[in-house]
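Input: a single structure, listed below in structure tokens.
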Amino acid sequence: MDNVESFLQMSLHSLPQLKRLDLSFNKLFSHDMSFPFSSCRIDHLRIFKINFVYGFHERFMRDIPIPWGNLTYLHISFHSNFQIISIPSALEVLKKCTNLRMCLIEIAASVETFPTMIVELPHLSALTVFHSQLDKTCRYSLIESLVTPALKDLVLSRSNNMFEFHPNIGSFVRRSGCQLDSLTIRGSGFTLTDDDLEALSSIHTLKVPKIRLSPSTLRKIDEGILLPNIERFEHLIGPGKLSKFLTIHDSMPV
């Protein structure tokens, strides 16, 4: 560990103009272990990607000298079957990232508590959130703690499809005041209501290939009552059947 730390410190000290940093931790740090490059300054960093294989280490994210307020792209991966992730700690990190334009966050563990914190990311235009609930008691979606007025592209995904999961997209969009252009939902078990779709009046692309919408909802979409600006629409048309792709053009030649 000492050799690795010395190497990273030397490398980063020699790269004061570093714009991008990718880190992956494949072991669990002990509480008394020092972290690499904790004394380095990387003030010009704009892109930061970090992967925790054995759980989110709160002290690391608190002590690492990342210029959070300068970041425009952030990718945080969690792959933990051994400890519960502290989502409030992740939100504390996002709260510092006031200039983010793009964010991808993977939550692959149970959520300890339902956070009450609301984090505003005023410049965020693209957000991808991957959920992997390990038990049916976890119904929390990260977007329920975010306000993103500039958001245009939202992707939600999940790996545990054993129970229905409603991410409250409608309330998220209304709270944020954003004008979404594209929404993609990957994975089974998600639910979308008419209330959610009413909040998506600005959307041009909706991809929900594993969500089956009701006939009444589809009729409202066809009549332009819901999703009046839709141009590309993908949804499930029946059990065991392929998704339906629909592309609409305002001025299609006859």
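Tabulated data for the structure shown
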| quantity | calculated |
| --- | --- |
| Among the candidates Leu94, Leu154, Leu124, Leu74, residue that is modelled with pLDDT of 85 or more, part of a loop (DSSP other than H, G, I, E, B) and crowded, with 20+ Cβ neighbours inside 10 Å | Leu124 |
| Failed condition for Met102, given (1) closer than 20 Å to Asn51 by Cα; (2) open to solvent by less than 40 Å² (accessible area, probe 1.4 Å); (3) at pLDDT 90 or above | (2) |
| Candidate set: region 77-91, residues that are of a type in the set (A, V, I, L, M, F, W, C), more than 13 Å from Ile143 (Cα to Cα) and open to solvent by less than 10 Å² (accessible area, probe 1.4 Å); chosen: the one modelled with the lowest pLDDT | Ile85 |
| Output for region 157-177, where each listed residue is within 16 Å of the chain's Cα centre (by Cα), of a type outside the set (Ser, Thr, Tyr) and at pLDDT 75 or above | Arg158, Pro167, Asn168, Ile169, Phe172, Val173 |
| Single residue of Ile248, Ile230, Ile211, Ile237 found to be at pLDDT 90 or above and among the β-branched types (Val, Ile, Thr) | Ile230 |
| Any hit, region 186-202, residues being open to solvent by less than 10 Å² (accessible area, probe 1.4 Å), under 19 Å from the mean Cα position of the chain (by Cα) and not aromatic (Phe, Trp, Tyr) | yes |
| Positions within region 19-71 being among the hydroxyl-bearing types (Ser, Thr, Tyr) and at pLDDT 65 or above, in sequence order | Ser24 |
| Filter result (touching a helix residue (DSSP H, G or I) at 6+ places or on another chain (Cβ under 9 Å) and either modelled with pLDDT under 90 or open to solvent by 10 Å² or more (accessible area, probe 1.4 Å) (or both)) within region 110-121 | Val111, Glu112, Thr113, Phe114, Pro115, Thr116, Met117, Ile118, Glu120 |
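The values are calculated or read from the model by the stated rules, or taken from the named source; none is laboratory data. Bear in mind the structure is a predicted one, so any value in this text is a computation, not a measurement. Cβ atoms come from the backbone with ideal geometry, glycine included; neighbour counts cover every protein chain shown. Ligands, DNA and RNA are excluded from the accessible area calculation, which covers all protein heavy atoms including side chains. Shrake-Rupley method; radii C 1.70, N 1.55, O 1.52, S 1.80 Å.
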